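The block underneath contains the structure these notes are about, expressed in structure tokens.
Bear in mind that the values in this text are calculations on the coordinates, not laboratory data. This structure is a prediction, so every number in the text was calculated from the model and none was measured. Glycine gets a Cβ as well: all are built from the backbone with ideal geometry, and neighbour counts include every protein chain shown.
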Amino acid sequence: MTAIQGSLRASGADVSWTRPEGIHLTLKFLGEVEEKRVPKIAAALDNAVNGIGAFSLSVSGMGTFPDRRRPRVVWIGLKEDGDSLIKLQENVGRELVTIGFPLEKRGFTPHVTLGRIRSNRSIEKLLDLIGEEKGVELNGFTVTKVHLMESQLRSTGAIYTELYSAALI
């Protein structure tokens, strides 16, 4: 994915690019969470992964959110031949509702964020490059764990710390 970011950087667009170590798939954004809730969230993750084994995802497609007319986020898509990812995401949401987190109203679009657009500088050139790359297919990977992550926003980008991990068996 860093190679794709590199080719998009050539546009000169004003984008805050996600650092390689920060690239991730979000199943559920929790927002600000008190530390004392972490054990219950960990238990909810354990319940959510129950019965879901490791599965493979491939990297496919690229675009912007919310759309091409008002681009704010550059993303690359993830897809699966089966339905394990969708089941996992639904299970996570359902389990977290039981401990007080709201159910997500938006549909789930499996993707990773490559960058956040800060201004319209060179935006057309960036959108042209995204258009050229939108059918991109990259090597896949196997998902074996779900992590509860803490993110701390810094001027240099987010710092992620793993708080818990639930294995897919």
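At a glance:
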{"quantity": "Out of LEU114, LEU85, sole residue that is in a helix (DSSP H, G or I), of a type in the set (A, V, I, L, M), on the phi < 0 side of the Ramachandran plot and under 14 Å from the mean Cα position of the chain (by Cα)", "calculated": "LEU85"}
{"quantity": "Residue tally, condition small (Gly, Ala, Ser), in contact (Cβ under 8 Å) with a residue 12 or more places away in the chain and either outside any loop (DSSP other than H, G, I, E, B) or at positive phi (or both), over the stretch 117-143", "calculated": "2"}
{"quantity": "Among the residues listed as GLU90, GLU104, GLU95, GLU21, the single one being free of Cβ contacts under 8 Å to residues at least 40 places away in the same chain and of a type in the set (Asp, Glu)", "calculated": "GLU90"}
{"quantity": "Any hit, the stretch 53-75, residues being in contact with a Pro (Cβ under 7 Å, 6 or more places away or on another chain) and over 24 Å from GLU162 (Cβ atoms)", "calculated": "yes"}
{"quantity": "Index of the failed condition, PRO71 passing every other in (1) more than 16 Å from ALA13 (Cβ to Cβ); (2) in contact with a helix residue (DSSP H, G or I) (Cβ under 9 Å, 6 or more places away or on another chain); (3) surrounded by 14 or more Cβ atoms within 10 Å (Cβ to Cβ)", "calculated": "(1)"}
{"quantity": "Residue match in the stretch 8-18 (condition: surrounded by 14 or more Cβ atoms within 10 Å (Cβ to Cβ), touching a residue at least 24 places away in the same chain (Cβ under 8 Å) and within 24 Å of ALA167 (Cβ to Cβ))", "calculated": "no"}
